[in-house]
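To keep things clear, I will list the structure first and then write my remarks on it.
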Amino acid sequence: MAAPRSVLLGFLMALLLSVTASAETGYDAWLRYEALDESVADSYRGTVPAVLVTLGNDLPVISARGELVRGIRGMLGRTLRLESAIPEEPAILLGTVSDIRAMAPELAPDSDIPEDGFLLRTVQFNFVSYTIVTGSNDRGVLYGAFAYLRKIALHQSLAGLDWQESPFSPIRWINHWDNIDGTIERGYGGRSLFWDDERVHDDLSRVTDYARFLASLGIHAVSINNVNANPRVIEADMLPDVARIAEAFRPWGVRIALSLDFGSPMRIGGLDTFDPLDPAVVEFWENAVDEVYAAVPDLAGFVLKADSEGRVGPSAYGRTHADAANVIARALQPYGGTIFYRGFVYDNRMDWRDPANDRARAAHDNFIDLDGDFEPNAIIQIKNGPIDFQVREPASPLFGALRATGEAIELQITQEYFGQARHTVFLAPMWKEVLDFDMRADGRATPVKAIVTGKVFGPRGGFVGVSNAGLDDNWYGNHMSQANLYAFGRLAWDPDLTAHDIADEWSRLTFGHDPEVVRTVLDIQLTSYDTFEKYTGPLGLQTLTDITGNHYGAAVEASERNGWGQWHKADEEAVGFDRSVATGTGFAGQFPSQNAAMWESVETTPDELVLFFHHVPYTHVLHSGKTVVQHLYDTHYEGADAVAGYARAWAELAGRVDEQRFSEIRDQLEYQAGQAEVWRDAVARWFWRTSGIDDDRGRVGNYPGRTEAESMNLTGYDFIEVDPWEGASGEGAVECNAATCTATLEYDGEAGWRDLVVRYFDHLGGTARFEVRVAGQTVDEWRADDRVPTRRPDSSSSSRRVISGIALRPGDEIQIIGFPENDEKAELDYVEIRETAQSDDR
């Protein structure tokens, strides 16, 4: 879409003005365009022309021009000269293939470039060297500009430039779970970028900046509201606001989409039915689509969640999912729009007592008989695993089952079950395992990445990522979590990239090229998924978290004995879910035969998924040679130790990373280290108590230096039970039911430097205060004002305060003084005394 000249000039001026340096808050993410060292910059100043010529005036091409000016100025300290005619001196020529052919056919590429692809090429003509940045369409030109700047930022050579790329996945969408009241479901980076109090924000500059990030990754569409949709989003009074969001995205080649409520014909249409085969309902959807496209002519399409987790769907009328998808797909067809119909369909009210019930089966059971019944512009959006974004699942068997239906893989960028961005977990290694998994459909090589992009069975598909960036300064509430959006975009463009390559790119673009910084960031990011799995739910147990509540803290039994699904079936004798065909639910048999045979047998099932597919005794010996229960103990300790190592390694980077990001990441990793200890103790103690089998190394249940709060000398504090019990270290905790309370213990160890670890609870409902005194001297004070997803003492609110370098002497009195506020009663769990690292005992 071309823009008026006045709009183009104003937009370009805004881009040029935005080049000025900003504080290192994390807001610039991987598009910092940090000034290069002089020696590196000099190597580019001879190869980057001084002139930039733009051919064409489509908005994404104008954005590409501004981005090149911005990037070159930031990295090389030089401002490109903008000209409209091709000069007789070296220049960058920017435009689509068709525009270059029209204006300079002698410089145009000989062959066409696939859709959204780009070409960067150095061309000699009349003894002049020109750098061509071109694409098949305006988005391709923009993607080429970002790729050119990325090469410079990564210190890659531009000599003899001849580089052509096109996206592996034809569809590269982002889903946002933003509610129109401004909250975000499973959003951990603050409130919505788009919505507040059922209106769109007046200032959408941050949305424009977000669109720029997405364009740098080749992402071309975003659904802007929650899949648990409010039907008001398509009402007439909302559409002008929706159109404003589309306008903010448009210069960056990103189109918007909307999530729909399938009950809209009744809820906002005044009908007494939402039956997809009812003529009045068909007419409603046709009219609704017409009105939306009148407001947003380039709308990408819709997303629909139906018949799942309380959302109404076609089953209310005995209709199929194909009926539901097709009534909207047909209304979209005149506009070229696409509907993504979520395959996340299961009965959350199922009878957990029935051993045949298995949530893992649901997607395959619901859609296998409908293959070929969907319109060509309807795509089934399938979560990467059959359960729900768990720490370890097999790839969904539905990927290998559909032949005549478009499929998309849904990857969750926002870290719902992965520590909600309070924990650093780089997800690319997990996604790579799923994308590279060979379904062996029809007995041939059929990796998931090829299936979902239409390269195996034909119908088009793609990648969809759930990415709830919010209003926090660094977008995600954790600087390290930005890497997951980067990884999603890079893998949607090229799923053959390795996790190492992606992490290396992101680290250098985000923090620079200091070898120690790069090494440390890579070590943390590339091991973080394995580490998180170790201290949450290894062996295919899935994340042993509160699935019926906040999806955050440890709660081992939360996934059992309820309709949301039986996930691990642990009892006194054994653990794991029998999903074999011979003796279990038959889920293993949903895979093509070669994989079905592997999952069917406990002997051939890899250790990392053995408890996902089989119910085995705690004494079952794994391929590693360890028993199941000892593996559970060991991995939880290994995981907690690894996070403590991350915190120590990051601390060594003081002075090598800007102060704000350094301190914020340091604090985040220290918090994660404390939470990993909570997970370690909670899960290990639960299996120790349940199985009755001791840890071979004597760690579980034995915590040297730890004094439970309930065993201290208490004034004003009262004992409370913590639910679930494993959320507290001992038999429970203590809470303050007075204006001020004190918990006291006498130190009886040897004299020396020690660290005091105070384990307390920090939850919503108030801001308690704490003071610590040693031998009558105040050594620390703090406020319990963290943002956590719970209103009670439990594993989610369990917090840690480490007071380092205290000189203790035998007989010293250690006092924890609590000052409650409202519902937060300065609750305490324990105090632990540890030797200070490299202590000089005296």
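Some notes on this structure:
- Residue selected from region 722-736 under the condition within 34 Å of the chain's Cα centre (by Cα) and of a type in the set (Asp, Glu), by the criterion farthest from Trp686 (Cα to Cα): Asp723
- Subset of region 725-740 [out of contact with any Ser or Thr (no Cβ under 6 Å at 6 or more places or on another chain), open to solvent by less than 30 Å² (accessible area, probe 1.4 Å) and either more than 27 Å from Trp688 (Cα to Cα) or in contact (Cβ under 8 Å) with a residue 24 or more places away in the chain (or both)]: Glu726, Ala728, Ser729, Gly730, Ala733, Val734, Cys736
- Arg206 passes every criterion in (1) assigned to a helix (DSSP H, G or I); (2) open to solvent by 50 Å² or more (accessible area, probe 1.4 Å) apart from (2).
- Region 75-111 - residue that is among the polar types (S, T, N, Q) and part of a loop (DSSP other than H, G, I, E, B) and, of those, nearest to Ser43 (Cα to Cα): Thr79
- Each residue in region 217-230 was checked for being open to solvent by less than 10 Å² (accessible area, probe 1.4 Å) and out of contact with any Gly (no Cβ under 7 Å at 6 or more places or on another chain), and 8 of them qualify.
Let's see how each residue does on (1) within 26 Å of Val556 (Cα to Cα); (2) among the small types (Gly, Ala, Ser); (3) modelled with pLDDT of 95 or more; (4) buried (at least 21 other Cβ atoms within 10 Å of the Cβ):
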position	(1), (2), (3), (4)
Gly752	no, yes, yes, no
Gly766	no, yes, yes, no
Thr778	no, no, yes, no
Arg801	yes, no, yes, no
Gly805	no, yes, yes, no
Glu813	no, no, yes, no
Ile816	no, no, yes, yes
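- Out of Gln542, Gln590, Gln566, one residue alone is touching a Lys or Arg at 6+ places or on another chain (Cβ under 9 Å), at positive phi, among the polar types (S, T, N, Q) and touching a residue at least 60 places away in the same chain (Cβ under 8 Å). It is Gln542.
- Condition met for Asp501 (charged (D, E, K, R) and either crowded, with 24+ Cβ neighbours inside 10 Å or on the phi < 0 side of the Ramachandran plot (or both)): yes
- Filter result for Ile152 (in contact (Cβ under 8 Å) with a residue 60 or more places away in the chain and open to solvent by less than 10 Å² (accessible area, probe 1.4 Å)): yes
- Only one of Arg73, Arg81, Arg45, Arg101 that is among the basic types (Lys, Arg), in contact with a Phe, Trp or Tyr (Cβ under 9 Å, 6 or more places away or on another chain) and surrounded by fewer than 18 Cβ atoms within 10 Å (Cβ to Cβ): Arg73
- Verdict on Asn230 being at pLDDT 95 or above and touching a helix residue (DSSP H, G or I) at 6+ places or on another chain (Cβ under 6 Å): no
- Only one of Arg773, Arg791 that is of a type outside the set (S, T, N, Q), surrounded by fewer than 20 Cβ atoms within 10 Å (Cβ to Cβ), at pLDDT 95 or above and touching a His at 6+ places or on another chain (Cβ under 9 Å): Arg791
- Subset of region 435-445 [open to solvent by 10 Å² or more (accessible area, probe 1.4 Å) and either among the aliphatic types (A, V, I, L, M) or under 11 Å from the mean Cα position of the chain (by Cα) (or both)]: Ala445
- Lone unmet requirement of (1) crowded, with 20+ Cβ neighbours inside 10 Å; (2) of a type in the set (Asp, Glu); (3) over 30 Å from Tyr188 (Cα atoms) for Glu824: (3)
- Restricting Phe125, Phe118, Phe146 to residues that are exposed (fewer than 15 other Cβ atoms within 10 Å of the Cβ) and either of a type in the set (Phe, Trp, Tyr) or in contact with an Asp or Glu (Cβ under 9 Å, 6 or more places away or on another chain) (or both) narrows the list to Phe125.
- Residue match in region 587-607 (condition: in a helix (DSSP H, G or I) and touching a strand residue (DSSP E or B) at 6+ places or on another chain (Cβ under 9 Å)): yes
- Scope region 188-203; condition part of a loop (DSSP other than H, G, I, E, B), within 20 Å of Ala257 (Cα to Cα) and open to solvent by less than 20 Å² (accessible area, probe 1.4 Å); matching residues: Ser192, Leu193, Phe194
- With respect to (1) open to solvent by less than 10 Å² (accessible area, probe 1.4 Å); (2) in a helix (DSSP H, G or I); (3) farther than 21 Å from Gly639 by Cβ, the lone exception for Trp431 is condition (3).
- Where a residue in region 626-654 is open to solvent by 30 Å² or more (accessible area, probe 1.4 Å) and its partner, wherever it lies, is of a type in the set (Ser, Thr, Tyr) and not in a helix (DSSP H, G or I), with Cβ under 6 Å and at least six apart: Thr627/Thr619
- Identification of helices (runs of 4 or more DSSP H) wholly contained in region 234-317 with 3 or more residues that are open to solvent by 10 Å² or more (accessible area, probe 1.4 Å) yields 239-249, 279-295.
- Condition check for Gln542: within 30 Å of Tyr33 (Cβ to Cβ), crowded, with 24+ Cβ neighbours inside 10 Å and not basic (Lys, Arg): no
- All positions within region 667-713 that are part of a loop (DSSP other than H, G, I, E, B), more than 29 Å from Thr424 (Cα to Cα) and in contact with an Asp or Glu (Cβ under 8 Å, 6 or more places away or on another chain): Gly692
- Helices (runs of 4 or more DSSP H) fully within region 440-548 counting 3 or more residues that are over 25 Å from His176 (Cβ atoms): 499-511, 515-536
- Pair list, Cβ under 8 Å, 6 or more apart: region 334-351 residue closer than 15 Å to Gly563 by Cβ, other residue among the aromatic types (Phe, Trp, Tyr): Val345/Phe367; Asn348/Trp564
- Subset of region 367-378 that is in contact (Cβ under 8 Å) with a residue 12 or more places away in the chain, out of contact with any Phe, Trp or Tyr (no Cβ under 8 Å at 6 or more places or on another chain) and of a type outside the set (Gly, Ala, Ser) - its residue that is nearest to Gly301 (Cα to Cα): Asn377
- Qualifying position, being of a type in the set (S, T, N, Q), buried (at least 21 other Cβ atoms within 10 Å of the Cβ), modelled with pLDDT of 95 or more and under 20 Å from Asp365 (Cβ atoms), among Gln590, Gln525, Gln566: Gln590
The values are calculated or read from the model by the stated rules, or taken from the named source; none is laboratory data. In this text, all values refer to a predicted model and were calculated from it rather than measured experimentally. All Cβ positions, even for glycine, are placed from backbone atoms using ideal geometry, and neighbour counts span all protein chains on display. Areas reflect the complete protein model, heavy atoms only, side chains present, ligands, DNA and RNA absent. Shrake-Rupley method; radii C 1.70, N 1.55, O 1.52, S 1.80 Å.
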